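Peer 1: Shown below is the structure under consideration.
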Amino acid sequence: MGQPIESACRPESACAEPVDVAIIGAGFAGLTAARALVNAGLRVTVLEARDRVGGRIHTRHAQDGTPIDVGGQWVGPGQDKVLALAEELGVETFTSFEEGENLCLHNGRLMRFTGLLPPHEPAALAEVEATFQALDTLAQTVDAETPWTSPNAAALDSESFDAWIIRTATSDEARFWMRFLARSVLASEARELSLLHVLFYIKAAGGLAALISMGGGAQERRFSLGAQHLAERLADTVRPHLRLDTPVAALAQDGDGVTITTAAGNTVRARHAIVTLPPALAARLRYSPPLPGTRDHLAQRMPMGACIKVQCLYPTPFWREEGLSGMAISEDGPVSLIYDNSPAAGTPGILVAFIEGDEAKEWTARTPAERQAAITRSLVRLFGPRAADMREYIELSWLEEEYARGGYAGVMVPGAWTSLGATLRQPTGRIHWAGTETASRWPGYMDGAIRSGERAAAEILAAR
(Lines give C-alpha, C1' and ligand atoms only; values in the text may rest on other atoms or scores of the structure.)
Protein backbone atom coordinates (compact mmCIF):
# COMPACT_ATOMS: atom_id res chain seq x y z
CA MET A 1 0.00 0.00 0.00
CA GLY A 2 2.93 2.32 -0.61
CA GLN A 3 5.96 3.44 1.33
CA PRO A 4 5.77 5.52 4.53
CA ILE A 5 6.04 9.26 3.97
CA GLU A 6 9.60 10.43 4.47
CA SER A 7 9.09 13.71 6.25
CA ALA A 8 6.47 15.44 8.35
CA CYS A 9 4.15 17.96 6.69
CA ARG A 10 4.38 21.45 8.09
CA PRO A 11 1.38 22.44 10.24
CA GLU A 12 0.43 25.23 7.85
CA SER A 13 0.29 22.96 4.82
CA ALA A 14 -1.75 19.98 3.75
CA CYS A 15 -0.30 16.59 2.88
CA ALA A 16 -0.55 16.44 -0.92
CA GLU A 17 -0.15 12.68 -1.00
CA PRO A 18 -2.96 10.56 0.47
CA VAL A 19 -2.03 8.28 3.34
CA ASP A 20 -3.32 4.92 4.47
CA VAL A 21 -4.12 6.03 8.02
CA ALA A 22 -4.56 9.42 9.65
CA ILE A 23 -4.32 9.36 13.43
CA ILE A 24 -5.79 12.16 15.53
CA GLY A 25 -3.84 12.60 18.74
CA ALA A 26 -0.18 11.98 19.62
CA GLY A 27 -0.62 10.55 23.07
CA PHE A 28 0.42 6.99 23.83
CA ALA A 29 -2.55 5.55 21.93
CA GLY A 30 -1.87 7.48 18.75
CA LEU A 31 1.89 7.01 18.83
CA THR A 32 1.56 3.27 19.49
CA ALA A 33 -0.89 2.84 16.61
CA ALA A 34 1.34 4.88 14.32
CA ARG A 35 4.39 2.81 15.14
CA ALA A 36 2.58 -0.48 14.51
CA LEU A 37 1.17 0.72 11.18
CA VAL A 38 4.43 2.24 9.96
CA ASN A 39 6.23 -1.00 10.83
CA ALA A 40 3.62 -2.83 8.74
CA GLY A 41 4.52 -0.67 5.75
CA LEU A 42 1.55 1.70 5.74
CA ARG A 43 1.67 5.42 5.05
CA VAL A 44 0.65 7.23 8.23
CA THR A 45 0.26 10.78 9.46
CA VAL A 46 -0.39 11.78 13.09
CA LEU A 47 -2.22 15.06 13.68
CA GLU A 48 -1.72 16.57 17.14
CA ALA A 49 -3.37 19.77 18.34
CA ARG A 50 -0.78 20.54 20.98
CA ASP A 51 2.79 21.66 20.42
CA ARG A 52 4.04 18.47 22.09
CA VAL A 53 3.39 14.75 22.21
CA GLY A 54 2.07 12.83 25.23
CA GLY A 55 -1.52 14.03 25.58
CA ARG A 56 -2.48 13.85 29.25
CA ILE A 57 1.12 12.91 29.98
CA HIS A 58 2.97 16.20 30.35
CA THR A 59 6.32 16.94 31.98
CA ARG A 60 7.37 20.48 32.80
CA HIS A 61 10.58 21.53 34.54
CA ALA A 62 11.14 23.38 37.79
CA GLN A 63 13.41 26.42 37.94
CA ASP A 64 16.34 24.16 38.82
CA GLY A 65 15.58 21.81 35.90
CA THR A 66 13.90 19.05 37.94
CA PRO A 67 11.31 17.26 35.75
CA ILE A 68 7.79 17.76 37.10
CA ASP A 69 4.94 15.58 35.88
CA VAL A 70 1.85 17.76 35.79
CA GLY A 71 -0.08 14.90 34.14
CA GLY A 72 0.00 11.11 34.55
CA GLN A 73 3.20 9.78 36.06
CA TRP A 74 3.01 6.38 37.76
CA VAL A 75 3.47 2.82 36.48
CA GLY A 76 3.43 -0.48 38.30
CA PRO A 77 3.27 -4.28 38.17
CA GLY A 78 0.76 -5.69 35.73
CA GLN A 79 1.15 -2.73 33.40
CA ASP A 80 3.17 -4.92 31.09
CA LYS A 81 2.83 -2.85 27.94
CA VAL A 82 4.17 0.42 29.30
CA LEU A 83 6.92 -1.27 31.31
CA ALA A 84 8.05 -3.27 28.27
CA LEU A 85 8.05 -0.12 26.16
CA ALA A 86 10.19 1.71 28.72
CA GLU A 87 12.67 -1.16 28.80
CA GLU A 88 12.80 -1.36 25.01
CA LEU A 89 13.39 2.37 24.59
CA GLY A 90 15.87 2.64 27.46
CA VAL A 91 13.70 4.91 29.62
CA GLU A 92 14.65 4.65 33.28
CA THR A 93 12.21 4.32 36.17
CA PHE A 94 12.70 4.44 39.94
CA THR A 95 10.72 3.27 42.95
CA SER A 96 8.27 5.73 44.49
CA PHE A 97 9.19 6.75 48.04
CA GLU A 98 6.88 5.34 50.71
CA GLU A 99 9.05 4.84 53.79
CA GLY A 100 7.71 6.13 57.09
CA GLU A 101 4.24 6.87 58.42
CA ASN A 102 1.30 8.23 56.48
CA LEU A 103 -1.12 10.93 57.61
CA CYS A 104 -4.90 11.09 57.63
CA LEU A 105 -7.05 14.04 58.69
CA HIS A 106 -10.58 12.77 59.36
CA ASN A 107 -13.29 14.26 61.61
CA GLY A 108 -10.80 16.86 62.81
CA ARG A 109 -8.34 14.22 63.99
CA LEU A 110 -4.84 13.97 62.50
CA MET A 111 -3.61 10.38 62.58
CA ARG A 112 -0.23 8.85 61.78
CA PHE A 113 -0.32 5.29 60.50
CA THR A 114 1.36 2.66 58.35
CA GLY A 115 -0.33 0.54 55.72
CA LEU A 116 -3.48 1.50 53.83
CA LEU A 117 -5.79 2.47 56.68
CA PRO A 118 -5.44 4.67 59.79
CA PRO A 119 -6.26 3.47 63.33
CA HIS A 120 -10.03 3.95 63.42
CA GLU A 121 -12.02 2.45 66.26
CA PRO A 122 -12.04 -1.37 65.93
CA ALA A 123 -15.68 -1.66 64.85
CA ALA A 124 -15.36 1.12 62.26
CA LEU A 125 -12.06 -0.27 60.97
CA ALA A 126 -13.64 -3.71 60.59
CA GLU A 127 -16.46 -2.23 58.52
CA VAL A 128 -14.05 -0.25 56.34
CA GLU A 129 -12.11 -3.42 55.58
CA ALA A 130 -15.31 -5.39 54.97
CA THR A 131 -16.62 -2.73 52.57
CA PHE A 132 -13.40 -2.70 50.60
CA GLN A 133 -13.56 -6.49 50.42
CA ALA A 134 -17.19 -6.46 49.32
CA LEU A 135 -16.40 -4.00 46.53
CA ASP A 136 -13.39 -5.99 45.37
CA THR A 137 -15.35 -9.26 45.42
CA LEU A 138 -18.20 -7.74 43.43
CA ALA A 139 -15.72 -6.39 40.89
CA GLN A 140 -14.49 -9.90 40.15
CA THR A 141 -17.93 -10.76 38.72
CA VAL A 142 -17.55 -8.14 35.96
CA ASP A 143 -16.36 -8.92 32.44
CA ALA A 144 -13.80 -6.18 31.78
CA GLU A 145 -13.88 -6.82 28.03
CA THR A 146 -17.65 -6.39 27.74
CA PRO A 147 -18.97 -5.00 31.04
CA TRP A 148 -22.53 -4.79 29.71
CA THR A 149 -22.65 -8.60 29.50
CA SER A 150 -21.64 -9.12 33.15
CA PRO A 151 -24.02 -10.92 35.53
CA ASN A 152 -26.56 -8.43 36.88
CA ALA A 153 -25.10 -5.75 34.61
CA ALA A 154 -28.37 -3.84 34.31
CA ALA A 155 -28.82 -3.63 38.08
CA LEU A 156 -25.19 -2.67 38.69
CA ASP A 157 -25.32 -0.02 35.97
CA SER A 158 -28.59 1.49 37.14
CA GLU A 159 -27.16 2.29 40.57
CA SER A 160 -24.70 5.03 41.37
CA PHE A 161 -21.61 4.16 43.36
CA ASP A 162 -22.86 6.45 46.13
CA ALA A 163 -26.19 4.62 46.34
CA TRP A 164 -24.26 1.37 46.81
CA ILE A 165 -22.11 3.01 49.50
CA ILE A 166 -25.20 4.18 51.43
CA ARG A 167 -26.81 0.76 51.07
CA THR A 168 -23.68 -1.20 52.03
CA ALA A 169 -21.81 0.87 54.63
CA THR A 170 -23.26 2.27 57.84
CA SER A 171 -20.26 3.89 59.52
CA ASP A 172 -19.01 7.36 58.71
CA GLU A 173 -15.52 5.94 58.23
CA ALA A 174 -16.53 3.33 55.65
CA ARG A 175 -18.53 5.87 53.65
CA PHE A 176 -15.65 8.35 53.80
CA TRP A 177 -13.17 5.84 52.38
CA MET A 178 -15.47 4.71 49.57
CA ARG A 179 -16.13 8.30 48.50
CA PHE A 180 -12.44 9.06 48.78
CA LEU A 181 -11.79 6.10 46.49
CA ALA A 182 -14.07 7.63 43.83
CA ARG A 183 -12.25 10.96 43.96
CA SER A 184 -8.69 9.67 44.19
CA VAL A 185 -8.98 7.00 41.46
CA LEU A 186 -11.57 8.45 39.08
CA ALA A 187 -11.44 12.18 39.99
CA SER A 188 -15.23 12.07 40.33
CA GLU A 189 -17.81 12.08 43.06
CA ALA A 190 -19.34 8.72 43.92
CA ARG A 191 -22.83 9.97 43.05
CA GLU A 192 -21.70 10.69 39.47
CA LEU A 193 -20.43 7.19 38.74
CA SER A 194 -22.16 4.05 37.60
CA LEU A 195 -21.47 1.27 40.09
CA LEU A 196 -20.75 -0.97 37.10
CA HIS A 197 -18.11 1.49 35.91
CA VAL A 198 -16.34 1.46 39.29
CA LEU A 199 -16.40 -2.34 39.30
CA PHE A 200 -15.13 -2.47 35.71
CA TYR A 201 -12.27 -0.11 36.59
CA ILE A 202 -11.23 -2.30 39.52
CA LYS A 203 -11.47 -5.53 37.51
CA ALA A 204 -9.53 -4.02 34.58
CA ALA A 205 -6.64 -3.23 36.94
CA GLY A 206 -6.54 -6.75 38.35
CA GLY A 207 -8.14 -5.89 41.67
CA LEU A 208 -8.49 -3.10 44.19
CA ALA A 209 -5.06 -3.60 45.78
CA ALA A 210 -3.33 -3.23 42.42
CA LEU A 211 -5.28 -0.06 41.74
CA ILE A 212 -4.66 1.82 45.00
CA SER A 213 -1.28 0.56 46.26
CA MET A 214 2.18 2.03 45.82
CA GLY A 215 4.50 -0.93 46.35
CA GLY A 216 3.07 -3.75 44.25
CA GLY A 217 0.45 -1.45 42.76
CA ALA A 218 -0.21 1.19 40.13
CA GLN A 219 1.82 3.86 41.95
CA GLU A 220 4.98 1.76 42.43
CA ARG A 221 7.35 3.47 39.98
CA ARG A 222 8.01 6.80 38.28
CA PHE A 223 10.11 7.88 35.31
CA SER A 224 13.47 9.41 36.16
CA LEU A 225 13.19 12.13 33.50
CA GLY A 226 9.42 12.43 33.68
CA ALA A 227 6.71 10.41 31.99
CA GLN A 228 6.75 12.56 28.86
CA HIS A 229 10.29 11.32 28.23
CA LEU A 230 8.80 7.93 27.34
CA ALA A 231 6.29 9.60 25.00
CA GLU A 232 9.11 11.52 23.31
CA ARG A 233 11.17 8.37 22.81
CA LEU A 234 8.13 6.61 21.36
CA ALA A 235 7.52 9.62 19.12
CA ASP A 236 11.10 9.38 17.88
CA THR A 237 10.17 6.07 16.23
CA VAL A 238 7.57 7.83 14.04
CA ARG A 239 8.89 11.40 14.09
CA PRO A 240 8.68 11.99 10.31
CA HIS A 241 4.96 11.26 10.42
CA LEU A 242 4.05 13.76 13.15
CA ARG A 243 2.32 17.07 12.60
CA LEU A 244 2.17 19.11 15.82
CA ASP A 245 0.14 22.30 16.29
CA THR A 246 -2.50 20.82 13.98
CA PRO A 247 -5.96 20.75 15.60
CA VAL A 248 -8.51 18.74 13.65
CA ALA A 249 -11.94 20.24 13.05
CA ALA A 250 -13.84 17.72 10.93
CA LEU A 251 -13.88 14.24 9.41
CA ALA A 252 -15.87 13.33 6.31
CA GLN A 253 -15.95 9.73 5.18
CA ASP A 254 -17.18 7.98 2.07
CA GLY A 255 -16.85 4.48 0.67
CA ASP A 256 -13.17 4.96 -0.20
CA GLY A 257 -11.76 6.80 2.78
CA VAL A 258 -11.81 9.72 5.17
CA THR A 259 -11.04 13.40 4.55
CA ILE A 260 -9.75 15.15 7.67
CA THR A 261 -9.99 18.94 7.77
CA THR A 262 -7.78 20.84 10.20
CA ALA A 263 -8.77 23.97 12.08
CA ALA A 264 -6.59 25.90 9.61
CA GLY A 265 -8.68 24.59 6.71
CA ASN A 266 -6.15 22.14 5.30
CA THR A 267 -7.11 18.58 4.45
CA VAL A 268 -5.63 15.12 4.71
CA ARG A 269 -7.03 12.19 2.75
CA ALA A 270 -6.70 8.71 4.28
CA ARG A 271 -8.10 5.24 3.78
CA HIS A 272 -8.81 5.00 7.51
CA ALA A 273 -8.72 7.31 10.51
CA ILE A 274 -8.05 6.60 14.18
CA VAL A 275 -9.47 9.06 16.72
CA THR A 276 -7.70 8.79 20.08
CA LEU A 277 -9.40 11.70 21.86
CA PRO A 278 -11.51 11.07 24.98
CA PRO A 279 -15.11 10.47 23.85
CA ALA A 280 -16.31 13.81 25.22
CA LEU A 281 -13.75 15.66 23.09
CA ALA A 282 -14.06 13.39 20.07
CA ALA A 283 -17.73 14.35 19.89
CA ARG A 284 -16.77 18.02 19.42
CA LEU A 285 -15.33 17.27 15.99
CA ARG A 286 -17.68 17.60 13.03
CA TYR A 287 -18.51 14.36 11.23
CA SER A 288 -20.01 13.86 7.80
CA PRO A 289 -22.15 11.89 7.70
CA PRO A 290 -23.03 12.51 11.36
CA LEU A 291 -22.00 9.89 13.88
CA PRO A 292 -24.63 7.29 14.70
CA GLY A 293 -26.88 8.53 17.45
CA THR A 294 -25.69 5.85 19.86
CA ARG A 295 -22.05 6.83 19.42
CA ASP A 296 -22.80 10.51 19.94
CA HIS A 297 -24.99 9.80 22.95
CA LEU A 298 -22.21 7.69 24.46
CA ALA A 299 -19.96 10.75 24.41
CA GLN A 300 -22.67 12.76 26.16
CA ARG A 301 -22.79 10.19 28.93
CA MET A 302 -19.04 9.77 29.37
CA PRO A 303 -17.80 13.04 30.91
CA MET A 304 -14.25 13.70 32.04
CA GLY A 305 -13.27 13.57 35.69
CA ALA A 306 -12.14 16.76 37.40
CA CYS A 307 -8.62 17.21 38.75
CA ILE A 308 -6.12 19.94 39.62
CA LYS A 309 -2.59 18.65 40.15
CA VAL A 310 -0.26 20.74 42.29
CA GLN A 311 3.46 20.43 43.00
CA CYS A 312 5.01 22.15 46.02
CA LEU A 313 8.82 22.29 46.01
CA TYR A 314 11.07 22.58 49.07
CA PRO A 315 14.88 22.58 49.46
CA THR A 316 14.68 19.11 51.05
CA PRO A 317 11.95 16.55 51.82
CA PHE A 318 11.73 17.74 55.43
CA TRP A 319 8.88 15.34 56.24
CA ARG A 320 11.25 12.40 55.88
CA GLU A 321 13.29 13.77 58.78
CA GLU A 322 10.12 13.49 60.87
CA GLY A 323 9.50 9.86 59.94
CA LEU A 324 6.77 10.63 57.43
CA SER A 325 6.32 9.10 53.99
CA GLY A 326 4.78 12.25 52.53
CA MET A 327 1.51 10.44 51.79
CA ALA A 328 -1.46 12.20 53.35
CA ILE A 329 -5.24 12.06 53.06
CA SER A 330 -7.50 14.92 54.10
CA GLU A 331 -11.26 15.36 54.14
CA ASP A 332 -11.06 19.09 54.85
CA GLY A 333 -10.13 20.16 51.32
CA PRO A 334 -9.30 21.57 48.97
CA VAL A 335 -6.56 18.93 48.78
CA SER A 336 -7.67 15.33 49.23
CA LEU A 337 -4.49 13.32 48.53
CA ILE A 338 -0.77 14.05 48.79
CA TYR A 339 2.35 12.05 47.95
CA ASP A 340 6.11 12.52 48.18
CA ASN A 341 7.01 13.35 44.59
CA SER A 342 10.71 14.06 45.07
CA PRO A 343 13.14 12.84 42.40
CA ALA A 344 15.21 9.71 42.90
CA ALA A 345 18.11 11.75 44.26
CA GLY A 346 15.90 13.01 47.10
CA THR A 347 16.21 16.73 46.43
CA PRO A 348 14.48 18.99 45.96
CA GLY A 349 11.70 17.84 48.23
CA ILE A 350 8.39 17.78 46.37
CA LEU A 351 4.88 17.17 47.60
CA VAL A 352 2.30 16.49 44.90
CA ALA A 353 -1.24 17.38 45.94
CA PHE A 354 -4.52 16.58 44.19
CA ILE A 355 -7.73 18.57 44.17
CA GLU A 356 -10.41 16.27 42.77
CA GLY A 357 -14.12 15.98 42.06
CA ASP A 358 -16.35 18.77 43.34
CA GLU A 359 -13.42 20.55 44.98
CA ALA A 360 -11.67 20.75 41.61
CA LYS A 361 -14.79 22.20 39.99
CA GLU A 362 -14.96 24.85 42.69
CA TRP A 363 -11.27 25.71 42.90
CA THR A 364 -10.57 25.83 39.17
CA ALA A 365 -12.57 29.09 39.16
CA ARG A 366 -10.26 30.63 41.76
CA THR A 367 -6.98 32.37 41.04
CA PRO A 368 -3.64 30.54 41.28
CA ALA A 369 -2.77 32.72 44.28
CA GLU A 370 -5.99 31.70 46.05
CA ARG A 371 -5.32 28.03 45.33
CA GLN A 372 -1.73 28.28 46.54
CA ALA A 373 -2.80 29.96 49.78
CA ALA A 374 -5.47 27.33 50.47
CA ILE A 375 -3.14 24.46 49.64
CA THR A 376 -0.42 25.91 51.83
CA ARG A 377 -2.86 26.04 54.75
CA SER A 378 -3.76 22.39 54.15
CA LEU A 379 -0.12 21.32 54.01
CA VAL A 380 0.74 23.24 57.17
CA ARG A 381 -2.10 21.56 59.03
CA LEU A 382 -0.83 18.18 57.90
CA PHE A 383 2.96 18.56 57.91
CA GLY A 384 3.56 21.51 60.21
CA PRO A 385 4.89 25.06 59.72
CA ARG A 386 7.81 24.04 57.49
CA ALA A 387 5.29 23.29 54.76
CA ALA A 388 4.70 27.02 54.38
CA ASP A 389 8.26 27.62 53.19
CA MET A 390 7.90 26.27 49.64
CA ARG A 391 10.38 27.64 47.14
CA GLU A 392 8.29 26.97 44.05
CA TYR A 393 4.66 26.21 43.25
CA ILE A 394 3.57 24.49 40.01
CA GLU A 395 -0.01 23.60 39.15
CA LEU A 396 -2.23 22.51 36.28
CA SER A 397 -6.00 22.43 36.30
CA TRP A 398 -6.89 19.75 33.78
CA LEU A 399 -10.38 21.19 33.58
CA GLU A 400 -8.85 24.25 31.90
CA GLU A 401 -6.49 22.36 29.59
CA GLU A 402 -7.87 23.03 26.11
CA TYR A 403 -7.40 19.58 24.65
CA ALA A 404 -8.32 17.54 27.74
CA ARG A 405 -11.02 19.49 29.60
CA GLY A 406 -10.63 17.25 32.62
CA GLY A 407 -8.84 14.21 33.94
CA TYR A 408 -7.87 11.59 34.62
CA ALA A 409 -10.19 10.02 32.05
CA GLY A 410 -13.76 9.83 30.85
CA VAL A 411 -16.14 7.99 33.19
CA MET A 412 -19.48 6.26 32.70
CA VAL A 413 -22.55 7.67 34.41
CA PRO A 414 -25.33 5.30 35.54
CA GLY A 415 -26.99 3.50 32.65
CA ALA A 416 -24.30 4.25 30.07
CA TRP A 417 -22.46 0.94 30.01
CA THR A 418 -25.48 -1.27 29.43
CA SER A 419 -27.22 1.00 26.91
CA LEU A 420 -24.23 2.34 24.99
CA GLY A 421 -21.03 0.53 26.03
CA ALA A 422 -20.98 -1.71 22.96
CA THR A 423 -20.29 1.35 20.79
CA LEU A 424 -17.17 2.41 22.72
CA ARG A 425 -14.68 0.47 20.58
CA GLN A 426 -16.87 -0.33 17.56
CA PRO A 427 -15.52 1.34 14.38
CA THR A 428 -17.78 3.84 12.65
CA GLY A 429 -17.20 2.94 9.04
CA ARG A 430 -13.57 3.80 8.36
CA ILE A 431 -13.17 5.70 11.63
CA HIS A 432 -11.63 3.66 14.45
CA TRP A 433 -11.61 4.61 18.14
CA ALA A 434 -8.66 4.38 20.51
CA GLY A 435 -7.52 6.13 23.68
CA THR A 436 -7.17 4.92 27.26
CA GLU A 437 -10.94 5.10 27.84
CA THR A 438 -11.43 2.30 25.30
CA ALA A 439 -9.05 -0.15 26.99
CA SER A 440 -10.31 -3.26 28.77
CA ARG A 441 -7.06 -3.54 30.75
CA TRP A 442 -5.75 -0.56 32.75
CA PRO A 443 -8.15 2.06 31.35
CA GLY A 444 -7.22 5.55 32.47
CA TYR A 445 -3.49 4.70 32.50
CA MET A 446 -0.62 4.85 30.02
CA ASP A 447 -0.74 1.09 29.76
CA GLY A 448 -4.38 1.17 28.71
CA ALA A 449 -3.65 3.82 26.09
CA ILE A 450 -0.88 1.66 24.59
CA ARG A 451 -3.19 -1.35 24.48
CA SER A 452 -5.88 0.68 22.74
CA GLY A 453 -3.43 1.86 20.09
CA GLU A 454 -2.36 -1.70 19.39
CA ARG A 455 -5.99 -2.79 19.06
CA ALA A 456 -6.92 0.01 16.65
CA ALA A 457 -3.88 -0.70 14.48
CA ALA A 458 -4.76 -4.39 14.43
CA GLU A 459 -8.30 -3.57 13.31
CA ILE A 460 -7.00 -1.64 10.32
CA LEU A 461 -4.43 -4.26 9.37
CA ALA A 462 -7.13 -6.94 9.52
CA ALA A 463 -9.33 -4.88 7.21
CA ARG A 464 -6.70 -4.56 4.46
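The values are calculated or read from the model by the stated rules, or taken from the named source; none is laboratory data. Since the structure is predicted, the reported quantities are computational estimates derived from the model, not experimental observations. Positions of Cβ are backbone-derived with ideal geometry, glycine not excepted, and every protein chain shown enters the neighbour counts. These accessible areas exclude ligands, DNA and RNA; they are computed on the full protein's heavy atoms, side chains included. Shrake-Rupley method; radii C 1.70, N 1.55, O 1.52, S 1.80 Å.
Peer 1: Find the residue count for region 153-195, including only residues that are small (Gly, Ala, Ser), in a helix (DSSP H, G or I) and touching a strand residue (DSSP E or B) at 6+ places or on another chain (Cβ under 6 Å).
Peer 2: Going through region 153-195, the residues small (Gly, Ala, Ser) turn out to be 153-155, 158, 160, 163, 169, 171, 174, 182, 184, 187-188, 190, 194.
Narrowing the set further to residues that are in a helix (DSSP H, G or I) leaves 153-155, 158, 163, 174, 182, 184, 190.
Adding the requirement that they be touching a strand residue (DSSP E or B) at 6+ places or on another chain (Cβ under 6 Å) leaves 184.
Selection size over region 153-195: 1.
Peer 1: With in contact with a Pro (Cβ under 9 Å, 6 or more places away or on another chain), modelled with pLDDT under 95 and surrounded by 14 or more Cβ atoms within 10 Å (Cβ to Cβ) as the only criterion, which of 106, 120 stands out?
Peer 2: Details: 120 fails: in contact with a Pro (Cβ under 9 Å, 6 or more places away or on another chain).
That would be 106, the only listed residue that is in contact with a Pro (Cβ under 9 Å, 6 or more places away or on another chain), modelled with pLDDT under 95 and surrounded by 14 or more Cβ atoms within 10 Å (Cβ to Cβ).
Peer 1: All but one of (1) β-branched (Val, Ile, Thr); (2) at pLDDT below 80; (3) in the same structural domain as residue 444 (by the TED database) hold for residue 32; state the number of the condition that does not hold.
Peer 2: Residue 32 satisfies all of (1) β-branched (Val, Ile, Thr); (2) at pLDDT below 80; (3) in the same structural domain as residue 444 (by the TED database) except (2).
Peer 1: Let me ask another. For residue 145, state whether it is surrounded by fewer than 23 Cβ atoms within 10 Å (Cβ to Cβ) and within 23 Å of residue 425 (Cα to Cα).
Peer 2: Answer is yes for this residue.
Peer 1: In this structure, is residue 400 over 30 Å from residue 456 (Cα atoms), open to solvent by 30 Å² or more (accessible area, probe 1.4 Å) and within 23 Å of the chain's Cα centre (by Cα)?
Peer 2: Criteria not met by residue 400.
Peer 1: Another question about this same structure. Among the listed residues 269, 284, which satisfies the condition of being more than 27 Å from the chain's Cα centre (by Cα), at pLDDT 95 or above and open to solvent by 60 Å² or more (accessible area, probe 1.4 Å)?
Peer 2: 269
Peer 1: Shifting gears a bit: Of (1) open to solvent by 30 Å² or more (accessible area, probe 1.4 Å); (2) farther than 21 Å from residue 55 by Cα; (3) not polar (S, T, N, Q), residue 257 satisfies all except one. Which?
Peer 2: Of everything listed in (1) open to solvent by 30 Å² or more (accessible area, probe 1.4 Å); (2) farther than 21 Å from residue 55 by Cα; (3) not polar (S, T, N, Q), residue 257 misses just condition (1).
Peer 1: Let me ask something else about it. So in region 199-218, with the set limited to residues that are open to solvent by 10 Å² or more (accessible area, probe 1.4 Å) and outside any helix (DSSP H, G or I), which one is farthest from residue 116 (Cα to Cα)?
Peer 2: 206
This table checks each residue for (1) hydroxyl-bearing (Ser, Thr, Tyr); (2) touching a His at 6+ places or on another chain (Cβ under 8 Å).
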position	(1), (2)
353	no, no
358	no, no
367	yes, no
389	no, no
412	no, yes
455	no, no
458	no, no
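Peer 1: Checking the condition open to solvent by 20 Å² or more (accessible area, probe 1.4 Å), of a type outside the set (A, V, I, L, M) and free of Cβ contacts under 8 Å to residues at least 40 places away in the same chain, which residue from 303, 289 passes?
Peer 2: Result of the check over 303, 289: 289.
Peer 1: Yes or no: residue 384 closer than 20 Å to residue 341 by Cβ and open to solvent by less than 20 Å² (accessible area, probe 1.4 Å)?
Peer 2: Numbers: closer than 20 Å to residue 341 by Cβ: yes; open to solvent by less than 20 Å² (accessible area, probe 1.4 Å): yes.
Criteria met by residue 384.
Rundown of residues vs (1) more than 21 Å from the chain's Cα centre (by Cα); (2) open to solvent by less than 40 Å² (accessible area, probe 1.4 Å), yes/no style:
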{"site": "317", "(1), (2)": "yes, yes"}
{"site": "322", "(1), (2)": "yes, no"}
{"site": "325", "(1), (2)": "yes, yes"}
{"site": "334", "(1), (2)": "no, yes"}
{"site": "341", "(1), (2)": "no, yes"}
{"site": "352", "(1), (2)": "no, yes"}
{"site": "355", "(1), (2)": "no, yes"}
{"site": "358", "(1), (2)": "no, no"}
{"site": "374", "(1), (2)": "yes, yes"}
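Peer 1: Out of the strands (runs of 3 or more DSSP E) lying entirely within region 14-130, which hold 1 or more residues that are of a type in the set (Ser, Thr, Tyr)?
Peer 2: The qualifying strands (runs of 3 or more DSSP E) are 44-47, 59-61, 93-95.
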